[in-house]
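Shown next, in structure tokens, is the structure this report addresses.
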Amino acid sequence: MASSKEYLDFILEQVSELDQISYRAMMGEYIIYYNGKIVGGIYDDRLLVKPVQAAIKYMPNAEYELPYDGAKEMLLVDNVDNKEYLMGLFKTMYEELPTPKPKKKK
């Protein structure tokens, strides 16, 4: 099941006070970026984030879920209605997120 644009818009609105939030559509789902780093994504209308140590500490009771078959487990964010909570999560995770690899020139 693909994610809806409405759910993406809702999540983007929740974190709209953060600078440099962007997304990329990927096979019916959406990858979420914060300051150029991948925070997580929207898969089947669920917000899943990378399981970095900061996110695990921020959400100690979060469930691990698969975004799609064959993928690595990610953390399910179930408190998406709370803007401050969600923005705090993204800010807390940022330092631990891997820096994107530079794209190779053709």
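Before moving on, here are some points about what is shown:
- When you count the other C-beta atoms within 10 angstrom of each residue and take the mean per peptide, 35-44, 62-71 line up highest first as 35-44, 62-71.
- Cα-Cα over 30 Å, subset of Lys57/Lys106; Lys37/Lys57; Lys57/Lys83; Lys57/Lys103; Lys5/Lys50: Lys57/Lys106; Lys57/Lys103
- Per-residue Karplus couplings for segment 71-83, computed as 6.51 cos²θ - 1.76 cosθ + 1.60 with θ equal to phi - 60°, are listed in order as 8, 6, 5, 10, 8, 7, 9, 9, 9, 6, 6, 9, 4 Hz, Gly and Pro entered as x.
- The chain: most fluctuating residue of Met26, Met93, Met74 per GNM, C-alpha cutoff 10 Å: Met26
All of the numbers you see were taken from the coordinates with simple rules; none came from a lab. In this text, all values refer to a predicted model and were calculated from it rather than measured experimentally. Quick reminder, even Gly has a Cβ in these numbers, built from the backbone with ideal geometry, and neighbours come from all protein chains shown.
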